[in-house]
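What follows draws every value from the coordinates through simple rules; no lab data is involved. All of these numbers come straight from a predicted model, not from anything done at the bench. Cβ placement follows ideal geometry from the backbone for every residue including glycine, while neighbour counts extend to all protein chains displayed.
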Amino acid sequence: MALTRTINYTQNVPVSLAFGTTYLTPTPSRAVQLIIDSTPAAARMGGFLYTETAGVSVIKTGQITVNGFLKTIFEGDVVAINSIMNTIQFKNEFYNCENTQQTLTTANRTVTAPGEIQIQIPAGTSHGLSVGSTFKIDSTDFQVTAIDSVVNPIRIWGIASTRTTVDITSFSGKKLKNSAGVDISILIDMVYNNPHGDFSVSATIKEAGVTTETGTISFAGVFFVDEPTFVVDPPTSITLGTAGTYYDINWCEIDQADDNYQSVQILTKALTNDPQFLGVAAYTALPGYPSGGTTDAQLQFIGDAIEAKLALGLGVGQNGRMNFSATQVGQRISSVSTSNFIQWMFYGTVTECNLALANLQYAVVAPTGDFGVETRIVNGRSRIYRTRGN
């Protein structure tokens, strides 16, 4: 069996490196070393477990996490090395990210956990990144471990690739940069995961001090629990209709392989051409608005203010146009709001969520003005958007 191999692992589940009991020819008797060299990024993804074996010394250097070291050396007689190689497992680092306390109803959450960072950038962005390449947030380098543009475009996972841990705790106003520090995109969401992405380490066999074999051990991971998805897209805008009238609408449909609990949220958002996007009822209320200036100067001032807000990648709630009615399925009932950024939220199994979404009602309050609608699925580690909006 080749020293170079790909190990498929599941988040938070130890997996054998599958060397077997006789990877090395047991005769003649000789001194052998197995050396596993990790990078700081790989060491943050996880480390190696093994059963202590008589006749084998294990040396670890460059500790990054509890189990993650920059170098792990197994040395001893060939028979003992075969025995311990048969016990080696990879275990991804557990950062307890799924249990990090966070308010599900926040518009833009601040995260405080370390681990594998998951960022989202606007759909259609040309980022040029691939698994293994480097990107920056602020001055911290991250190695790409996974990219998704199917479930929820565009999400990128990465792990810090420096010796010193620098945790990014807020995405507000931050930008994704390439390895040279050139801006790629604003960040529109961020969260941390327990590692699940792809990375590799190098391995070397030495016999009596002479290298006899080298190779690369690649790790390809998946989430322990499948992510939810939209199977029928929700609307991004709706027809307002007549004020005071309730309308039935089959909003969307979601899926998740285990039918476990999800939170589905519907948000209404101000469009960029609405003064509410800048937090005022009229542009003339903006601080510093050049009331006595020319029309061109006033338009330039408004445009600059909109661009500055857009650069933060934050949505702005739009209230007062419509209300959602509460929807009850069995013992579970949605929460609704006429003043919150999130207008409607339902928490339940996928089946319960879909029943609620298929029987949604909304009422028109003010049938004037345009606004955006965003729907998202939220679980412990992800916010799955159909559209993110501004």
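A compact table of results
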{"read-out": "Calculated from backbone phi, Karplus (6.51, -1.76, 1.60) coupling profile of the stretch 283-290 in Hz, x at Gly/Pro", "value": "4, 5, 7, 5, x, x, 4, x"}
{"read-out": "Global form of the chain, assessed from the alpha-carbon gyration tensor, a/c cut-off 1.5", "value": "prolate"}
{"read-out": "12 Å beta-carbon shell around residue 199, net charge (K/R +1, D/E -1)", "value": "-2"}
{"read-out": "Cβ-based net charge around residue 31, under 10 Å, with every Lys or Arg adding one and every Asp or Glu removing one", "value": "-1"}
{"read-out": "Within the chain: Cβ-based charge dipole about Cα centre, in debye rounded to nearest 20 (Lys, Arg +1; Asp, Glu -1)", "value": "520 debye"}
{"read-out": "Residues 237, 337, 130, sorted so that the one with the fewest Cβ neighbours within 10 Å comes first", "value": "130, 237, 337"}
{"read-out": "In degrees, nearest ten, helix 295-310 long axis to first principal axis of the chain (Cα)", "value": "40 degrees"}
{"read-out": "Length-normalised contact order for the stretch 218-275 - Cα pairs under 8 Å, 6+ apart - percent", "value": "42 percent"}
{"read-out": "DSSP-defined beta bridges in the chain - what % are antiparallel, rounded to 5", "value": "95 percent"}
{"read-out": "Residue-averaged 222 nm ellipticity for the chain, from DSSP H runs of 4+ at -39500 (n - 2.57), nearest 500", "value": "-3000 deg cm²/dmol"}
{"read-out": "Inter-label distance for residue 150 and residue 284, nm, one decimal - labels placed 7 Å from Cα along Cα-to-Cβ", "value": "5.4 nm"}
{"read-out": "Theoretical FRET efficiency, 1/(1+(r/R0)^6), r = Cβ-Cβ of residue 261 and residue 27, R0 56 Å, to 0.05", "value": "0.45"}
{"read-out": "Computed label-point distance, nm, for sites residue 60 and residue 212 using a 7 Å Cα→Cβ extension", "value": "2.7 nm"}
{"read-out": "Backbone HN-Hα couplings from phi across the stretch 198-215 [Karplus 6.51/-1.76/1.60, Hz, Gly and Pro as x]", "value": "9, 6, 8, 10, 9, 10, 9, 10, 10, 10, 6, x, 9, 5, 10, 7, 9, x"}
{"read-out": "Anisotropy class of the stretch 123-192 from Cα gyration tensor, a/c 1.5 cut", "value": "rounded"}
{"read-out": "Computed over the chain: relative contact order in percent, which uses C-alpha pairs under 8 Å that are six or more apart", "value": "17 percent"}
